Amino acid sequence: MLKPQKKISRREIKEDKLVTKYFEARQWIDQNTKILSYVGIGIVGLVVIGFLWSKSRADSNEKATAMLAKVTQYYDEGKYDLAINGVPQEGTQGLQAIVDEHGSTKAGEIAKLYLANSFFALKNYDKALNMYDDISVSDKMITASAYAGMAACYEAKSDFSHAASYFEKAASKNMTAMQAPENLQRSATNYAAAGKKEKAIELLQMLKKEFPSSSYTRDVDRFIAEYSI
């Protein structure tokens, strides 16, 4: 007479599945040891590459900072050609060289702003525009300065609509008493010149409300009255 089969519990079934999965995993590891070792080496390699890249950027930023410190004296003196091109005989590299070699560093981004300002001062507005547009930093003040620089270029080219838009961007990027009042006022002036007087009045009212003690607020009521006609 056949003995009745033993009923297998759920726990035993679960344990059996775990055992099976373990051996399957163990077999896969044994068969792919070489691949896993390559993956491990790859991960270590990525960590090393990341460290070296970070160190390289730090070294590059340090070099750019030193180069920038030497060349800014020419910029401060209004010698913009020398600031752009440097003075090779004195071992001083110009802003263009700093941007070319270290443009992706923090100091390199600041060099771009100096370079763009230099091009603007020399009335090379297209080059200045390209350089301002290439600035990419998290610092609000520098970004606002870049927008204001682009706006000034468009203003000089009598493109009042673009000038107004970028002055407005500059103001909204850094709404502080140091930068925003001038940018709001110049944005309003350019909107008015572009025939958008309602927008100009809106920005002047914002200027009056947000920065009542600013010198740029002094003539706001006169401008609003003029643009309301």
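The values are calculated or read from the model by the stated rules, or taken from the named source; none is laboratory data. Remember, predicted model here, so these are calculated numbers, not experimental data. Positions of Cβ are generated from backbone atoms using ideal geometry, with glycine treated the same way; all protein chains shown enter the neighbour counts.
Of all the residues in the range 72-95, those that are assigned to a helix (DSSP H, G or I), free of Cβ contacts under 8 Å to residues at least 40 places away in the same chain and either in contact with a strand residue (DSSP E or B) (Cβ under 7 Å, 6 or more places away or on another chain) or surrounded by fewer than 19 Cβ atoms within 10 Å (Cβ to Cβ) (or both) number 6. Within the range 174-189, not a single residue is over 14 Å from residue 206 (Cα atoms) and either assigned by TED's automatic domain parsing to the domain that holds residue 107 or not in a loop (DSSP other than H, G, I, E, B) (or both). For the range 66-110, the tally of residues that are charged (D, E, K, R), over 20 Å from the mean Cα position of the chain (by Cα) and closer than 18 Å to residue 127 by Cβ stands at 2. Residue 142 meets the conditions (1) hydrophobic (A, V, I, L, M, F, W, C); (2) modelled with pLDDT of 95 or more; (3) in a helix (DSSP H, G or I) in every case but one. The failed one is (2). Condition check for residue 124 on (1) under 18 Å from the mean Cα position of the chain (by Cα); (2) surrounded by fewer than 21 Cβ atoms within 10 Å (Cβ to Cβ); (3) not hydroxyl-bearing (Ser, Thr, Tyr): one failure, at (1). Scanning the range 72-103 for residues that are closer than 23 Å to residue 133 by Cβ and among the β-branched types (Val, Ile, Thr) gives 72, 84, 98, 99. Are any of the residues in the range 109-131 modelled with pLDDT of 95 or more, outside the structural domain of residue 95 (by TED's automatic domain parsing) and within 24 Å of residue 99 (Cβ to Cβ)? So far as the range 109-131 goes, no, none of its residues is modelled with pLDDT of 95 or more, outside the structural domain of residue 95 (by TED's automatic domain parsing) and within 24 Å of residue 99 (Cβ to Cβ). For the residues 194, 148, the requirement of being in contact with a helix residue (DSSP H, G or I) (Cβ under 7 Å, 6 or more places away or on another chain), crowded, with 19+ Cβ neighbours inside 10 Å, under 25 Å from residue 121 (Cα atoms) and not assigned by TED's automatic domain parsing to the domain that holds residue 124 singles out 148.
For the range 151-179, filtered to residues that are in contact with a Phe, Trp or Tyr (Cβ under 8 Å, 6 or more places away or on another chain) and surrounded by 24 or more Cβ atoms within 10 Å (Cβ to Cβ), the residue that is farthest from residue 225 (Cα to Cα) is 153. Taken as a whole, the condition of being surrounded by fewer than 17 Cβ atoms within 10 Å (Cβ to Cβ), farther than 30 Å from residue 74 by Cβ and either hydrophobic (A, V, I, L, M, F, W, C) or touching a Cys at 6+ places or on another chain (Cβ under 8 Å) (or both) does not apply to residue 188.
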